[in-house]
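For reference, the structure is listed below as structure tokens.
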Amino acid sequence: MPLVNAKEMMIKAMEGHYAVGAFNINNLEWTKAILEVAEELHSPVMLGVSEGAKKYMTGFNTVTQMVKAMVEDMGITVPVALHLDHGTYEGAQQALRAGFTSVMFDGSHYPLEENLAKTRDIVAKAHFLGATVEAEVGTIGGEEDGVIGRGEVADPEECFTLKETGIDMLAAGIGNIHGKYPANWQGLDFDALKKIKERVGDMPLVLHGGTGIPEDQIKKAISLGVCKINVNTECQLYFQEAIRKYIEAGKDREGKGFDPRKLLAPGVEGIKEIVRIKMQMFGSVNKA
Ligand code: 13P
């Protein structure tokens, strides 16, 4: 199946009261792990690529060609969207030119008027190419590629204004943060989420910082209009722990255990394990 944009995925998720997982990829192993689980569980999926990961993988063209070829060679039949995560104004345009089917333009650090103008421009370019656009209001706390946000709660009025630019998905800060949640985290602000939802109506909402949010809060967020949940750090942690165990058990020194395909295999299994857990939790299993 060719890559798709996120439009239909979001409509179905909203109607079916579940969320599609957007899992960040870093390399071939990451992509393979996520695609295998999506196919196994018959779940739609979004592959998120940050600008840092793009740089690591050498460029948007490499990422697009790799993902397209893997979807074909692996015989993937579930819907897969290739999505730029926290894109800059320039980055979003480059990703679209390279064939990404969805982009997040994160203009949350610009003054509102500038965010709106730039978002409108990205929407026009993306829609011309058949791609979808996610935009953000209210900086999401934690670290986004080296930038530490404050974890603001988005203003419903600003959410409405951003919706009017023609975007397809809206990421609104509701006390969520990227990375591990601190022990004193207050939890998601559901009152804020309700007010945002009331103001933006049928606009699919995106929850960033999916790592470590307890299941009951995930379910409640979905019931209040969240249709896409981003997960990054948790895949990294499962990958790291699995490889640590392999090396600590001395397996890399046994036979051909040093072969990168053997050395990375437990990490791939680790990613698969957490992606399965998340897809079950988000309710996207058998929704492809
Ligand atoms: P986590 O790393 O906290 O899962 O957040 C991922 C994310 O929101 C990517 O945009």
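The values are calculated or read from the model by the stated rules, or taken from the named source; none is laboratory data. Quantities reported herein were computed from a predicted structural model and do not represent experimental measurements. Virtual Cβ from ideal backbone geometry, glycine too; neighbours counted across all protein chains shown. Heavy atoms of the whole protein, side chains included, go into the accessibility calculation; ligands, DNA and RNA do not. Shrake-Rupley method; radii C 1.70, N 1.55, O 1.52, S 1.80 Å.
Check off (1) outside any helix (DSSP H, G or I); (2) more than 24 Å from ILE25 (Cα to Cα) for LYS180 and give me the number that stays unchecked.
(2)
Among (1) in contact with a helix residue (DSSP H, G or I) (Cβ under 7 Å, 6 or more places away or on another chain); (2) closer than 26 Å to GLU157 by Cβ; (3) open to solvent by 80 Å² or more (accessible area, probe 1.4 Å), where does LYS256 come up short?
Of (1) in contact with a helix residue (DSSP H, G or I) (Cβ under 7 Å, 6 or more places away or on another chain); (2) closer than 26 Å to GLU157 by Cβ; (3) open to solvent by 80 Å² or more (accessible area, probe 1.4 Å), only one is false for LYS256: (2).
Evaluate the following for ILE196: is it closer than 23 Å to GLU113 by Cβ, more than 14 Å from the ligand (Cβ to nearest atom) and assigned to a loop (DSSP other than H, G, I, E, B)?
So ILE196 fails the test.
Looking at the structure I just gave you, is THR88 open to solvent by less than 40 Å² (accessible area, probe 1.4 Å) and either within 16 Å of the ligand (Cβ to nearest atom) or under 12 Å from SER102 (Cα atoms) (or both)?
So THR88 fails the test.
Within region 204-288, which helices (runs of 4 or more DSSP H) (wholly inside it) include 3 or more residues that are farther than 30 Å from GLU8 by Cα, out of contact with any Ser or Thr (no Cβ under 9 Å at 6 or more places or on another chain) and within 16 Å of the ligand (Cβ to nearest atom)?
233-248
For GLN65, which of the numbered conditions (1) surrounded by 18 or more Cβ atoms within 10 Å (Cβ to Cβ); (2) of a type outside the set (Phe, Trp, Tyr); (3) part of a helix (DSSP H, G or I) fails to hold?
(1)
Criterion first (in contact with a Gly (Cβ under 8 Å, 6 or more places away or on another chain) and within 16 Å of the ligand (Cβ to nearest atom)) does LYS54 satisfy it?
Yes; evaluated as a whole, the condition is true for this residue.
Would you tally the residues in region 41-57 being open to solvent by 10 Å² or more (accessible area, probe 1.4 Å) and either of a type in the set (Ser, Thr, Tyr) or without any contact (Cβ under 8 Å) to a residue 24 or more places away in the chain (or both)?
Counting residues in region 41-57 that are open to solvent by 10 Å² or more (accessible area, probe 1.4 Å) and either of a type in the set (Ser, Thr, Tyr) or without any contact (Cβ under 8 Å) to a residue 24 or more places away in the chain (or both) gives 3.
Do we find a residue being closer than 21 Å to ILE34 by Cα, open to solvent by 10 Å² or more (accessible area, probe 1.4 Å) and in a helix (DSSP H, G or I) anywhere in region 93-109?
No, region 93-109 contains no residue that is closer than 21 Å to ILE34 by Cα, open to solvent by 10 Å² or more (accessible area, probe 1.4 Å) and in a helix (DSSP H, G or I).
What's the number of the condition GLU90 fails, among (1) touching a residue at least 24 places away in the same chain (Cβ under 8 Å); (2) of a type outside the set (Phe, Trp, Tyr); (3) under 15 Å from GLU51 (Cβ atoms)?
(1)
What pairs come up if the first residue lies in region 158-170 and is at positive phi, the second is buried (at least 24 other Cβ atoms within 10 Å of the Cβ) and outside any loop (DSSP other than H, G, I, E, B), and their beta carbons are under 8 Å apart, counting only those six or more places apart or on different chains?
GLY166/VAL133
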